[in-house]
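Input: a single structure, listed below in C-alpha cells.
The values are calculated or read from the model by the stated rules, or taken from the named source; none is laboratory data. Model, not experiment: these values are computed from the prediction. Heads up, the Cβs are rebuilt from the backbone with ideal geometry, glycines too, and the neighbour counts pull from every protein chain shown. Each accessible area value is taken on the protein alone, full model and side chains, heavy atoms only, with ligands, DNA and RNA left out. Shrake-Rupley method; radii C 1.70, N 1.55, O 1.52, S 1.80 Å.
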Amino acid sequence: MRIVLIGAPGSGKGTQAKKLVAKYGIPQISTGDLLRAAVAAQTPLGLEAKAAMDAGQLVSDPIVLGMIEERLNDKDTQKGFILDGFPRNLPQAAALDTILNRMGRPLQSAILINVDFDLLIQRIAGRRTCRSCGQMYNIYTSPPKIDDHCDLCGGTLHHRADDNEDTISNRLRVFETQTEPMVRHYQIQGKLTVIDGSDDINRIFIRLCKAIEQSTLSNPEVARLKKTLKEPPSKVETFEKTTKLEQKAKELLDITETNPEVPPLQSSSGAIKEATTMAVKKKARKNAAKKKVVKKKTTAKKKAVRKKSAKKKAVKKKASKKKVAKKKVVKKKGRKKKSVKKKAVKKKASKKKATRKKKTAKKKVAKKKTGKKKARKKKAKAK
Ligand code: AMP
C-alpha cells in the first residue's frame with residue numbers, strides 16, 4: 001500500500017495515519033514530524049526549517065524532498081507507506097512521482113480528507129499531542145481522561161507551537177493556494193478519493209479504509225501504471241524532472257479548470273478569512289462564557305464562605321451571651337448566699353448580745369438583792 005493522505009491542517013490526517021499504521025502494519029511518514037524532530041535536535045536542517053514553520057509557511061522543497069527521499073529508502077517502507085503531510089505542492093507531488101517511479105513503486109492512492117474550515121480551526125485550537133508517544137487528543141472533542149496526561153503512556157500533553165491563531169490562518173491559506181492545486185494533480189491521474197472528515201474519528205476511519213482498499217486493490221489506474229513501469233524511468237536528475245513534471249502538472253491543471261467533471265474545491269481565501277474570524281469570535285465567546293461561569297462559581301463560593309463565617313460569629317456571640325448570663329446568675333446566687341450568711345451572722349450576734357444583756361441584768365438584779373439582804377442584816381444587827 002502506497003498512499004498519500006492529503007488534508008488541511010486539523011483535518012485529522014495524522015490521527016487517521018496512526019490508525020492505518022496499526023491496522024495495516026506499514027509506516028507513517030510525516031514530514032511535519034520529521035521536521036519537528038530536526039528542529040528539536042537543532043540540526044542545521046532543523047534550524048533552517050524553523051522560521052518557515054513558526055510562520056506557518058512551507059519549508060523549502062529541497063529540504064523536504066531530501067528528507068523524504070532518504071526516508072523512502074529505509075527498509076520498512078518496502079511493504080508500503082502512508083505519506084502524511086507530503087506532498088504539499090505541485091513540485092513536491094511531481095518530485096514524488098519521479099522518486100517512486102525510479103524505485104519501481106509508484107503511488108497507488110491519494111486520499112483527501114475534506115473538512116469545513118471553521119471545524120478545522122476548532123480542531124487545531126484544541127489539539128494536544130503526547131510528548132512521549134505522539135498520541136493525539138482534542139480538549140473539546142476527544143479529551144484525555146486526566147488533564148494534560150496521555151491515556152496510553154501517562155506522558156505530558158503539549159500544544160504545538162504553530163497551532164496558534166496567527167499561524168493557523170497562514171497555514172490554511174498555504175493549503176488553499178499551494179496544496180489544493182496539487183489535489184487536482186492526483187484527480188487527473190485518477191488516484192484521488194475524497195472522503196468527508198467532519199465526522200467521528202472511527203466512522204472516518206471506516207470510510208478511509210474502504211477508500212484505500214478499493215483504490216489499492218482494484219484500481220484500473222494502478223494496473224495501467226504497473227504496466228508502464230515495466231520500462232524503467234530514465235535517470236534524469238530529480239530537480240530537472242521535477243520542473244518538467246511541474247510544468248506538465250500545471251498544463252493538466254489548466255485543462256481541469258475547464259473540465260466540468262472536476263468538482264471545484266470548497267475553500268477560497270475569503271472563506272478562510274471569514275471562517276478564521278468566525279472561529280476566533282466563537283472561541284472568544286466560549287472563553288467569555290467560561291469566565292462568567294468561573295466568576296459565578298467564585299462569587300457563590302465567597303458568599304458561602306461569608307455565610308459560614310457569619311454563622312460561626314453568631315454561634316460564638318450566642319455562646320458568649322450565655323456565658324455572661326450564667327456568670328451573672330452565679331454572681332447573683334453568690335451575692336444572695338453571702339447576704340443570707342451575713343444576716344444569719346448578724347442574727348447570731350444580736351442574739352448573743354441579747355443573752356449577754358439579759359445575763360448582766362440578772363447579775364445586776366442579783367447584786368441588788370444581795371445588797372438589800374446585807375442592808376437588812378446590818379439593820380437587824382444594829383437593832
Ligand atoms: P504538519 O505537521 O504536517 O502540519 O506540518 C507542520 C509544518 O511543517 C508546516 O506548517 C510546514 O511549515 C512544515 N511542513 C510539513 N510538511 C511539509 C512539506 N511537505 N513541505 C513543506 N513544509 C512542510
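A protection proxy built from the mean count of other Cβ atoms within 10 Å ranks the segments 346-359, 171-184, most packed first, as 171-184, 346-359.
So if R0 is 22 Å, what FRET efficiency would HIS158 and ASN73 give, r being the distance between their Cβ atoms, rounded to the nearest 0.05? So, using R0 = 22 Å, E works out to roughly 0.10.
The residues of the range 69-150 present an accessible area of 41 Å² per residue when probed at 1.4 Å with all protein chains retained.
Taking 24 Å as the limit for the C-alpha separation, the pairs LYS18/LYS145; LYS145/LYS307; LYS13/LYS210 exceed it in the case of LYS145/LYS307. Between ALA304 and ILE146, the C-beta separation translates, for a Förster distance of 35 Å, into a calculated FRET efficiency of about 0.80.
Remark: relative contact order (the range 1-129) = 47 percent; criterion is Cα-Cα distance under 8 angstrom and separation of 6 or more residues.
Hydrodynamic analysis of the range 1-76 uses the Kirkwood radius over alpha carbon pairs. Inserted into Stokes-Einstein at 25 °C and 0.890 mPa s, it gives a translational diffusion coefficient of 181 µm²/s. Note on CYS209 and LYS368: the extension gain reaches 42.6 nm, defined as 0.36 nm multiplied by sequence separation minus the Cα-Cα distance.
Accessible surface of the range 307-357, 1.4 Å probe: 64 percent of it comes from carbon and sulfur atoms. Assuming charge only on the beta carbon of Lys and Arg (+1) and of Asp and Glu (-1), the dipole of the range 136-198 about its Cα centre is about 360 debye to the nearest 20.
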